[in-house]
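First up is the structure itself, then whatever we jot down about it.
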Amino acid sequence: YIFKTEIFALPDAYPHYRIYYAEDVIYGGSSKGYSALFTMPDCNTTVFVNVERWENNKWNYEGMASKVVSLEIVPATFHLSVSVPSGGYVTPSSGDYLAYSTVTLRAYPYSGYQFTRWGGDASGTSTTYNLYMNSNKSVTAYFEKVPVPVEGTIIRKELEFSGSGDGVVPVVGVPQGVKAKLHVWGRNDMSISQGMGIYWFVADPDGGIAEEYTDWGGTIGAGRDHEFISSGQFDLNKVGKYTTWIELLMGTQSNPE
C-alpha cells in the first residue's frame, strides 16, 4: 500500500487557524520521522497526524494521532556575581535571579573581622544592600581585621650625668657643665607581643633643643619592658630647668601609635 500523511498544528485558543501543515507519501513496510517547526502561540497547541491509505483509486482514512504541546514561559533572569576577598561571606551567593527583581544582599564578617564597604555594582558601608537586577551585576564585599588597640606605659626615666652618677627624672642639683645621657623604660601592657619604639627631645632653659632622639626596640613580649638609652650625650651648660618630652611608640615601625 501507499500511505499519505498529513501533519498540521492547531492552537487550542484558535482552532480554525492552522499554524503548520505538511504532507508526505510513504510506502507500506517503511517508516519515516518528521519534525514540525513553528512559532508557538500564547496557548497550548495540538499537533495532529492524519494517515490515509490509497486503495480503489482513492485515499481512504487509516487513522489519526494527536499530541498537545504545552507553552512553558521561562522567566528572564540576570546573573549576579558575588566575590569576597577575605574576612567574611555574603548571602545570597552568586547565581541567576529574576530580571527586574530586587535582591537583598547581607554581609557577615568572620570572627575578628568587620565589614567595611561594598564595591562593584553595590556601594555604601551598611551590611545590607538592596540590588535592583536590571542587568547582569557584579558585587564585591570588603572586610578588614578588627584593629587591636595597642597599649604601653613609660615606667621609668633616669638621667645619667658625668662625674656625679645618675638620678630618677625629675633630677635636681645637677652641676652645670656636665654631660648627660637619658634612659627611658617602656612596658608592653598588652597580652600579645608588640613592637615598641621611643621618641624624645630635651629642651634647654632657653627653649633650644639640647637633644632629639628616636629608636626602635623591636618586638617586645607581653608584659615585658625595654630600656632606651641616648646614643650620645648632651651638655647641661645652662642654668635653669631642662624639660624632656617623651613619646612611647607601639605597634609596627612603619605604622606606630
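The values are calculated or read from the model by the stated rules, or taken from the named source; none is laboratory data. Values in this document were obtained by computation on a predicted structure and should not be read as measured data. Quick reminder, even Gly has a Cβ in these numbers, built from the backbone with ideal geometry, and neighbours come from all protein chains shown.
Name the one entry in GLY217, GLY223, GLY240, GLY232 that is over 15 Å from ILE154 (Cα atoms) and free of Cβ contacts under 8 Å to residues at least 40 places away in the same chain.
Values: GLY217 fails: over 15 Å from ILE154 (Cα atoms); GLY223 fails: over 15 Å from ILE154 (Cα atoms); GLY232 fails: free of Cβ contacts under 8 Å to residues at least 40 places away in the same chain.
The conditions single out GLY240.
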Residues within the stretch 105-143 that are touching an Asp or Glu at 6+ places or on another chain (Cβ under 7 Å), closer than 13 Å to PRO85 by Cβ and hydroxyl-bearing (Ser, Thr, Tyr), tallied: 2
At pLDDT 90 or above and aliphatic (A, V, I, L, M): is that true of VAL82 in this structure? yes
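Test TYR17 against the stated conditions and say whether it is in a loop (DSSP other than H, G, I, E, B), of a type outside the set (Gly, Ala, Ser) and over 30 Å from GLY119 (Cα atoms). Please lay out each step first, then the result.
Values: in a loop (DSSP other than H, G, I, E, B): yes; of a type outside the set (Gly, Ala, Ser): yes; over 30 Å from GLY119 (Cα atoms): yes.
So TYR17 fits the description; yes.
Does VAL68 satisfy the condition of being aliphatic (A, V, I, L, M) and not in a loop (DSSP other than H, G, I, E, B)? Talk me through it step by step, then tell me what you get.
On the way: aliphatic (A, V, I, L, M): yes; not in a loop (DSSP other than H, G, I, E, B): yes.
The answer is yes for VAL68.
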Where in the stretch 152-257 are there strands (runs of 3 or more DSSP E), lying wholly inside it, with at least 2 residues that are of a type in the set (Val, Ile, Thr), modelled with pLDDT of 90 or more and exposed (fewer than 15 other Cβ atoms within 10 Å of the Cβ)? 152-161, 209-220
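Given the criterion surrounded by 14 or more Cβ atoms within 10 Å (Cβ to Cβ), hydrophobic (A, V, I, L, M, F, W, C) and outside the structural domain of TYR132 (by TED's automatic domain parsing), identify the matching residue among ALA13, ALA107, ALA36, ALA65.
On the way: ALA13 fails: surrounded by 14 or more Cβ atoms within 10 Å (Cβ to Cβ); ALA107 fails: outside the structural domain of TYR132 (by TED's automatic domain parsing); ALA65 fails: surrounded by 14 or more Cβ atoms within 10 Å (Cβ to Cβ).
Being surrounded by 14 or more Cβ atoms within 10 Å (Cβ to Cβ), hydrophobic (A, V, I, L, M, F, W, C) and outside the structural domain of TYR132 (by TED's automatic domain parsing) holds for just one of ALA13, ALA107, ALA36, ALA65, which is ALA36.
Being over 30 Å from PHE143 (Cβ atoms) and hydroxyl-bearing (Ser, Thr, Tyr): is that true of THR104 here? Steps first, answer last, please.
On the way: over 30 Å from PHE143 (Cβ atoms): no; hydroxyl-bearing (Ser, Thr, Tyr): yes.
When the stated conditions are applied, THR104 does not pass them.
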Return the residues of the stretch 26-76 that are hydroxyl-bearing (Ser, Thr, Tyr) and either touching a residue at least 24 places away in the same chain (Cβ under 8 Å) or touching a Ser or Thr at 6+ places or on another chain (Cβ under 6 Å) (or both); say none if nothing qualifies. TYR27, TYR34, THR45, THR46, SER66, SER70
Condition broken by VAL74, with the remaining ones in (1) surrounded by 13 or more Cβ atoms within 10 Å (Cβ to Cβ); (2) within 30 Å of ASP42 (Cβ to Cβ) satisfied: (1)
Answer residue from the stretch 77-99, given it is among the small types (Gly, Ala, Ser) and assigned to a loop (DSSP other than H, G, I, E, B) and is surrounded by the most Cβ atoms within 10 Å (Cβ to Cβ) among those: GLY87
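May I ask you to verify whether LYS145 is among the basic types (Lys, Arg) and exposed (fewer than 15 other Cβ atoms within 10 Å of the Cβ)? Outline the logic, then answer.
On the way: among the basic types (Lys, Arg): yes; exposed (fewer than 15 other Cβ atoms within 10 Å of the Cβ): yes.
When the stated conditions are applied, LYS145 passes them.
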